[in-house]
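The values are calculated or read from the model by the stated rules, or taken from the named source; none is laboratory data. Owing to the predicted nature of the structure, the values given are computational and were not obtained by experimental measurement. Because the Cβ atoms are built from the backbone with ideal geometry, glycine has one as well, and the counts that use them run over all protein chains shown. SASA here: full protein model, heavy atoms, side chains in, ligands and nucleic acids out. Shrake-Rupley method; radii C 1.70, N 1.55, O 1.52, S 1.80 Å.
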Amino acid sequence: MTAPRLSALIVARNEEARLPDCLASVAFADEVVVVLDRSTDGSARIAREAGARVIEGAWELEGERRNAGIDACTGDWVLEVDADERVDAALAQAVRETIATSRHAWHQVPVDNYVGDRLLRHGWAGSFGTTSVPRLFRRGAKRWRAQRVHPGLDWTGQEGPKITRGALVHLVDRDISDMLRRLDRYSSAKAADLIAAGNIGTLRANVRRFFSRGFKSYVSRKGYREGGWGVLLALCTGAFPLLSYLKAKLEPEKHGGRR
């Protein structure tokens with residue numbers, strides 16, 4: 001019986017500094033596809049020199065960009081990896097073993113999140129970070145929705161057991177300032193999605209979400225174990241929906257809407 005073929009998919013934009021390590025970590029795959037969105041640096045050259053197939057283009061929506069990459073893959077299974085992520089050796093082996101025997105359509109993989117050199121195991125919640133992601137799937141089982149940030153997913157088939165060995169090493173932020181800049185970027189993109197959907201929500205609902213999401217991050221997800229870092233994660237997690245709403249409400253012209 002022929003072993004299932006695995007495609008590793010990397011979607012990036014101007015990531016020449018981080019792309020080499022990412023590419024090296026997915027070299028165990030049978031095929032590597034790199035989708036470059038409006039990249040102007042040396043990412044295309046780096047990817048081709050590593051033996052990857054490169055797809056270049058311009059996509060406004062994250063969901064459309066990721067779907068273009070999925071469509072370009074030819075493997076039986078696809079493993080999605082971002083340029084700021086690395087597949088460690090234990091996860092690589094677990095992925096190979098999983099696709100060799102799985103009867104399911106997709107699997108969650110564990111994530112180790114780093115801010116600088118610090119591994120933060122607790123406090124990730126909501127749209128600001130997670131400790132597992134549905135990145136391993138049969139080709140044709142997963143489609144991203146047409147949204148700018150953290151687009152929703154549509155699945156065909158059943159979810160299988162979560163992979164528990166190894167981790168997708170995620171270099172989330174370089175430092176606190178980088179974390180806050182990410183919050184600003186994400187909330188601006190989310191504001192544009194809210195405006196495009198024609199329903200930005202209400203101030204009351206988003207203030208409530210600020211407290212409920214912050215509580216979930218700090219208490220339910222045990223962010224308190226991370227000390228001050230847990231406080232930062234809780235603040236960013238709670239602020240994301242509220243800040244997105246306020247940008248859509250108070251500055252719609254900056255995010256694709258009208259006053």
Using helices alone, what [θ] at 222 nm do you get for the chain, with -39,500 (n - 2.57) per DSSP H run of 4 or more residues, divided over all residues and rounded to the nearest 500?
-12000 deg cm²/dmol
C-alpha long axis of helix 89-101 to longest principal axis of the chain, angle in °
70
For the chain, the Cα-Cα pair-distance distribution in 5 Å bins from 0, as whole percents, is 1, 6, 12, 15, 18, 18, 15, 9, 5, 1, 0, 0, 0
Label model pair Gln93, Arg145: point-to-point distance (7 angstrom along the Cα→beta-carbon line) in nm is 3.9
Per residue, in Å², the accessible surface of region 109-259 once ligands and nucleic acids are set aside, probe 1.4 Å:
53
Ignoring ligands, DNA and RNA, what percent of the accessible area of the chain is carbon or sulfur (1.4 Å)?
50
Rounded to 10°, Cα long-axis angle of helix 228-250 versus longest principal axis of the chain:
70
Rounded if a/c is under 1.5, else prolate if a/b beats b/c, else oblate: with a ≥ b ≥ c from the C-alpha gyration tensor eigenvalues square-rooted, which is region 1-146?
rounded
Theoretical gain in end-to-end length, Arg208 to Arg13 [0.36 nm per residue, Cα-Cα removed]
66.7 nm
Using 11 Å as the cut-off for backbone N distance, which residues of region 32-55 belong to the label zone defined by a point 7 Å from the Cα of Arg5 along Cα→Cβ?
32
Give me the distance in nm between label points sitting 7 Å out from Cα along the Cα-to-Cβ direction at Glu253 and Val133, one decimal.
3.7
Taking the chain as a Gaussian network, where each spring joins two C-alpha atoms under 10 Å apart, which residue of Glu80, Glu56, Glu64 fluctuates the most?
Glu56
Once Glu49 and Ile176 are pulled to full extension, the length gained, defined as 0.36 nm per residue separation minus their Cα-Cα distance, is 42.3 nm
Just want the answer: with Cβ charges of +1 for Lys and Arg and -1 for Asp and Glu, which residue in Ala197, Gly166, Ser177 is farthest toward the dipole's positive end in region 112-208?
Ala197
Of the residues Phe211, Phe137, Phe240, which exhibits the maximal mean-square fluctuation in a Gaussian network model of the chain defined by a 10 Å Cα contact cut-off?
Phe211
Inter-part gap, Cα centre of region 1-63 to Cα centre of region 121-169, in whole angstrom, is 19
Folded to 0 to 90 degrees: helix 203-215 orientation relative to the chain principal axis, Cα
60
Taking a straight Cα-to-Cα line shorter than 24 Å from Lys142, and setting aside same-chain lysines fewer than 8 residues away, one finds Lys162, Lys190
Listed residues Pro241, Pro134, Pro161; largest mean-square fluctuation, Gaussian network over the chain with Cα springs below 10 Å, found at Pro161
Among the DSSP beta bridges whose two residues both lie in region 103-259, what percent are antiparallel, rounded to the nearest 5?
60
Yeah, region 2-53 with a ≥ b ≥ c from its alpha-carbon gyration tensor (a/c under 1.5 is rounded, else prolate when a/b outruns b/c, oblate otherwise) is prolate
Counting only backbone N atoms under 19 Å from a point 7 Å out along Cα-to-Cβ of Arg185, the residues of region 149-175 in range are 149-152, 169-175
